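Each remark here refers to the structure printed beneath this line.
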Amino acid sequence: MNWAWHQTLKPVPKLVLMALADAADDIGVCWPSVTTVAAKCNVSTRTVRRVMRTLAAQGLLVSEQCYRKDGSRSSNRYRLLLSGGDKLSPAPVTTDSPPGHPCHTKNHQRNPNRITTTTGVQH
């Protein structure tokens, strides 16, 4: 998740945030266990808990306690507070053709003999 890369943090908090972002869906929600995040970051579970409290205090993360139907605790759900959204991809150009329709370019004629590869090389 591109958003996490742009956060100004010290190395360990950034690594924990990146681990959470890696597990998060498109809206910033994830639920890895503290043990999983600790193993991924090669730090202790105590460090992960401390860092998560710091990230929450900085307004980057919200932690929600989750419970099973029997009332026992489950992994927490974490929501990354994506300020301005995740800028993983640029906004689409409004003049683009919808998928499945031919591309139209301004002041250019379509050349049916030209083939463009996925790398953008024209043949």
- Item | Neighbours by Cβ (under 8 Å, 6+ apart or cross-chain): first from segment 68-81, farther than 21 Å from residue 25 by Cα; second loosely packed, with under 14 Cβ neighbours inside 10 Å | 68/74; 73/65; 73/66; 73/67
- Would you please list the contacts, defined by Cβ atoms under 7 Å and residues six or more apart or on different chains, that run from a residue in segment 30-56 that is within 18 Å of residue 7 (Cβ to Cβ) to a residue that is part of a helix (DSSP H, G or I) and among the charged types (D, E, K, R)? none
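Every number in this text was worked out from the coordinates using simple rules, so none of it is lab data. As the structure is a computational prediction, the values presented were derived from the model and not from experiment. Please note: Cβ atoms are built from the backbone with ideal geometry, for glycine as well, and neighbour counts cover all protein chains shown.
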